[in-house]
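The next block holds one structure in the form of structure tokens; read it before the comments.
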Amino acid sequence: MARTREKIVTIFGGSGFVGTQLVQELARKGYRIRVAVRRPDLAGHVKPLGAVGQIVPIQANIRNIASIERAVAGADIVINLVGLLFEGGRQRFRAVHTQGAKNIAVAAARAGAGALVHMSALGADPESESASARSKALGEAEVLKAYPEAVIIRPSIIFGQGDGFFNMFGFLARISPVLPLIGGKTQFQPVYVGDVAEAFALAAEGKVKTGKIYELGGPDVETMRELMQRVLHETARKRPLLPVPMPLAKFKAAFLQLLPSPMLTVDQVIQLDRDNVVSDEAIKQKRTFAAFGITPTTMDAILPTYMWRFRKHGQFEHIAA
């Protein structure tokens, strides 16, 4: 039987925000890691996260089955972190979240991988108005069909150094005279990226029941308005919050999503109109952080460590308690 330090993990999308955290987590545990990405030449930053030769970026496209099979060949554990924030070109929600997830699960099963862990998201729902949420739910079904013992993890908004949520609004607070507020009453349960990475690592090691969907949310449930107030507090900025009605937000997003890297899309506006919190059913069945034995980290403990960059005087800005 292979020792833990000799086991191979293939992580699709391992060079991204969550991926780099997970790569570090697994590297510390002694795994050999293949970081499967479309552009290995852009994933060199993951190599120093482990020992020499321990982490290797390899080419794989989740729309190309042959490349997936090469990536998972001989792997003991397969993890899929690939996800889209917006559509563009051939990168469509159904192609990535549904068909791509299916391709990876089928390949993992054929390769005889001992574990498959798949990232989805809170809000995944086959009946959702959001195309992204629908595609993620359909992807979950395809994964469990191809690999019944897979572990599926649905996190809420993920925060931490380099996140795409608080950093974006921190930037807006710095450059804009007002802070737009879309879905002010919508509830969210932001979760720390380090906690998410730890949960994935534990799932990969078989520390939770397989064939189940776990929902991960942080200790704080706050409305969008409260989160924007947090942004203003952490950035030491005084900006009025400007409520934007959903119809108007969708109208503006329809134009913004035409940009190469849109800050807002219609699909994202739709998601901002729906609560993004751990379900009562998941709590009752202990399909939450409780199953992993993890106490989730608060926003208060992490946001100040990186949001200071958006203050007028940076880290030297005094913040009232």
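Readers should treat all values here as calculations from the given coordinates under stated rules, not as data from a laboratory. All figures in this text were calculated on a predicted structure; none of them were measured in a lab. All Cβ positions, even for glycine, are placed from backbone atoms using ideal geometry, and neighbour counts span all protein chains on display.
Applying both filters, DSSP loop and at most 16 other Cβ atoms within 10 Å, to the trypsin sites (Lys or Arg not before Pro) of segment 21-91 gives Lys29, Arg63, Arg90. Over segment 210-321, the ratio between the Cα radius of gyration and 2.2 N^0.38 Å evaluates to 1.35. The order of the peptides 252-263, 125-136 by mean Cβ neighbours within 10 Å, most packed first, is 125-136, 252-263. The Cα atoms of segment 1-105 define a convex hull whose projected area, averaged across directions, is 6.5 nm².
In the calculated pair-distance distribution of segment 144-276, the portion above 22 angstrom amounts to 47 percent of the Cα-Cα pairs. Length gained on full extension, Leu259 to Thr305, computed as 0.36 nm times the residue gap minus the Cα-Cα distance: 13.5 nm. The convex hull drawn around the Cα atoms of the chain, when projected onto a plane and averaged over every direction, covers 16.7 nm². Across segment 18-69, the volume of the C-alpha convex hull divided among the residues equals 78 Å³ per residue. Think of the chain as a dipole: +1 on every Lys or Arg Cβ, -1 on every Asp or Glu Cβ, centred on the Cα centre; then among Gln21, Val56, Thr295, Val56 lies furthest on the positive end. Around the Cα centre of segment 74-175, unit charges on the Cβ atoms of Lys, Arg, Asp and Glu (plus for the first two, minus for the last two) sum to a dipole of about 260 debye.
Projecting label points 7 angstrom from Cα along Cα→Cβ for Gln59 and Arg110 puts them 2.0 nm apart. Volume of the convex hull of segment 214-273 (Cα atoms only), normalised per residue: 134 Å³. For the chain, the longest principal axis of the alpha carbon atoms and the long axis of helix 17-28 meet at an angle near 50°. Please find, in a Gaussian network model of the chain (springs between Cα atoms separated by less than 10 Å), the residue of Ile302, Ile104, Ile270 whose mean-square fluctuation is greatest. Evaluated over the chain, the most mobile residue of the options is Ile302. For the peptides 6-14, 144-152, 231-239, the ranking by mean Cβ contacts within 10 Å, running from highest to lowest, is 6-14, 144-152, 231-239. Peptides 197-210, 72-85, 175-188 ordered by packing proxy, namely the average of other Cβ atoms within 10 Å per residue, highest first: 72-85, 197-210, 175-188.
Rg/Rh for segment 68-166 (Cα atoms only, Rh after Kirkwood) is 0.98. Helix 224-235 axis versus longest C-alpha principal axis of the chain: approximately 80°, rounded to the nearest ten.
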